[in-house]
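Inspection log for the structure reproduced underneath, given as structure tokens.
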Amino acid sequence: MPSAPLPQAAPEAGPDVVSLGCRLNIAESETIRALVAGRDMVVVNSCAVTNAAVKATRVAIRRARRDRPSAQIVVTGCAAQIDPASFAAMSEVDRVIGNADKLLPSAWQSEAAVLVSDVMTVRETAPHLAASFSAHARAFVEVQNGCDHRCTFCAIPFGRGPSRSVPAGAVVDRIAGLVDAGHSEIVLTGVDLTSYGPDLPGAPTLGHLVERILTHVPALRRLRLSSLDGIEIDDRLFAVLTGDARIMPHVHLSLQAGDDMILKRMKRRHSRAESVDLVQRLKAARPDIAIGADLIAGFPTEDDAMFANTLALIDDCMIVHPHIFPYSPRAGTPAARMPQVEPGIRRRRATLLREAGEAARGEWLRGLVGTTQDLLVERPGDRGHIANFAEVVLDETAIPGEIVRVRITGATGDRLSATRDNT
């Protein structure tokens, strides 16, 4: 499941591109920014992972029209792909472009009010990315798109289409170019990242791809992976995650729940025990790995005992980067037809999960005080993230995109404070 929808603001110069949702959307937004350069336009790259994400898309559209009354407003992304008619009907919207079309120059040259192709027929993908990521300290590289699984709660396969992979050579060339352009950290993105490869000649795996990147781009300093499906972490991928210092010690797992019956009703392919065992093996092999996870509260049929199993997973899997979602029924999905948990209970359970996650995160952050870390500096230059993806606020400014050595001096709330270590 992609990350919670977080708007990513565009630079002031040129068209505005508002990206909601996953890292893949952020990556694709940079390509869109290049395709529409010089136009009086606002592009809203939407998310459909929850009803709240769709609502956030509508809010962003209305804000764009208010802030840029003369601009052309174009909506694209998963929400636009799944339900183009509803966005085309909004008075603020000039055009709707689907996910299968949004990275094609021809789509932005067209004047069609609605241009949404059948994403389920798409069988290839490519790293259609801009030459640089001017608004971000790290660069995002698409290596996979789409999903062949059908989790009962998820509408994203209908917004992204079938799973398809980018050939390794194209990925390596893309990353080499970004490193040459000055990027110190690359993030591999995809809708279902760990399903990389079976559609390519020789059926390489994600582990093969990562090995090839590390071998053929020796100047790359930091490689980070976005969300992983733990059941697909094979021995090769496990080895690179735990054995190569250039792979960041930060593993975000698509867990969704901690109760076996709920996992079955979600149509997930792992058990609770398998998740706990994976984390224990990761931590044993590389103790500094920080674990993140997506967790859904109040899935249909979830009772108190089932929820307790998910709540306990925060501690059992040592989750310090939790992404918590109250269950959101998505039209057309099997889970929407199951017996629903009352909305107030869903919200309360989500609050309990967040509180447990915040407590675990706070304890983890406090344990980092006094350590020395490498920080990737982010805009405006007084903050960034260290290798385990803990957020750090600096006591002085540095150059965005630079990696600096810092000493952690404190932990407040959900972030750390630090000073430059000049020793």
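The values are calculated or read from the model by the stated rules, or taken from the named source; none is laboratory data. The structure displayed is predicted, hence computed values, not measured ones. Reconstructed Cβ throughout: ideal geometry from the backbone, glycine too, with neighbour counts over all protein chains shown. Just so you know, the surface numbers come from the protein's heavy atoms only, side chains and all, with ligands and any DNA or RNA stripped out. Shrake-Rupley method; radii C 1.70, N 1.55, O 1.52, S 1.80 Å.
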What do you reckon, how do Ser106, Ser86 stack up by accessible area (1.4 Å probe), largest on top? Ser106, Ser86
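Provide the convex hull volume over Cα atoms per residue for the range 336-414, in Å³.
135 Å³
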Phi-based couplings in Hz for the range 105-112 (Karplus 6.51, -1.76, 1.60; Gly and Pro marked x): x, 4, 5, 7, 8, 6, 10, 4
Sequence-distant residues sharing a close amide H with Val17 (under 5 Å, placed H): Ala10, Val43
Counting residues in the range 179-223 as N, plug N into 2.2 N^0.38 Å and put the Cα Rg over that result. 1.27
Starting at the first residue of the range 222-234, write each ³J(HN,Hα) from the Karplus equation 6.51 cos²θ - 1.76 cosθ + 1.60 with θ = phi - 60°, in whole Hz, x for Gly and Pro. 9, 10, 10, 10, 7, 3, 10, 8, x, 5, 9, 7, 7
Give me a comma-separated list of calculated 3J(HN,Hα) values for the range 92-103, in order, Karplus coefficients 6.51, -1.76, 1.60 applied at θ = phi - 60°, integers in Hz, x for any Gly or Pro. 7, 9, 8, 9, 10, 10, x, 5, 6, 10, 5, 9
In nm, give the distance between the simple-model label positions of Ala113 and Asp304, each being 7 Å from the Cα along the Cα-to-Cβ direction. 5.4 nm
For a quick check: with amide H placed at 1.01 Å from N, whose amide H comes under 5 Å from Leu115's, ignoring anything fewer than 5 positions away on the same chain? Val96, Ile97, Gly98
Cysteines without a disulfide-compatible partner [the chain; Cβ-Cβ under 4.7 Å]: Cys22, Cys47, Cys78, Cys147, Cys317
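Need one number: convex hull volume per residue for the range 214-298, Cα atoms only, in Å³.
Working: hull volume 7.9 nm³, N = 85.
Convex hull of Cα atoms, per residue: 93 Å³.
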Among Ile408, Leu278, Cys147, whose Cα lies farthest out toward the positive end of the dipole of the chain, if unit charges sit on the beta carbon of Lys, Arg (+1) and Asp, Glu (-1)? Cys147
Among beta bridges assigned by DSSP with both residues in the range 256-374, the antiparallel ones amount in percent, to the nearest 5, to 0 percent
Leaving ligands, DNA and RNA out of it, report the carbon-plus-sulfur percent of the accessible area of the range 56-127 at a 1.4 Å probe. 51 percent
How much solvent-accessible surface does Arg268 expose, in Å² to the nearest 10, with a 1.4 Å probe and all protein chains in place? 40 Å²
Glu92 accessible area, 1.4 Å probe, all protein chains in place, Å² to nearest 10: 40 Å²
So with the 1.4 Å probe, I'd like the accessible area per residue for the chain, rounded to whole Å². 40 Å²
Note to self: C-alpha centroids of the range 305-349 and the range 72-100 sit apart, in Å, by 29 Å
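Can you sort Phe87, Phe389 by 1.4 Å-probe accessible area, starting with the largest? Mind showing how you got there, number by number?
Values: Phe87 0, Phe389 40 Å².
Ranked list, largest accessible area first: Phe389, Phe87.
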Principal axes of the chain: Cα extent on each, largest first, Å: 56, 54, 47
Amide H contacts under 5 Å for Gln256, restricted to residues at least 5 apart in sequence or on another chain and with H modeled in the peptide plane, are Asp294, Leu295, Ile296
Under 25 °C and 0.890 mPa s, how fast does the range 15-70 diffuse according to Stokes-Einstein, given a Kirkwood radius computed over C-alpha pairs? Answer in µm²/s, whole number. 211 µm²/s
Over the range 277-423, what percent of the accessible surface lies on carbon and sulfur atoms, probe 1.4 Å? 51 percent
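Rounded to the nearest 5, what is the percent of antiparallel bridges among the DSSP beta bridges in the chain?
Percent antiparallel among DSSP bridges in the chain is about 35.
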Cα centroid distance between the range 174-238 and the range 380-423, in Å? 26 Å
Can you tell me which lysines have their Cα less than 27 Å from the Cα of Lys55? Leave out same-chain residues fewer than eight positions away. Lys102, Lys267
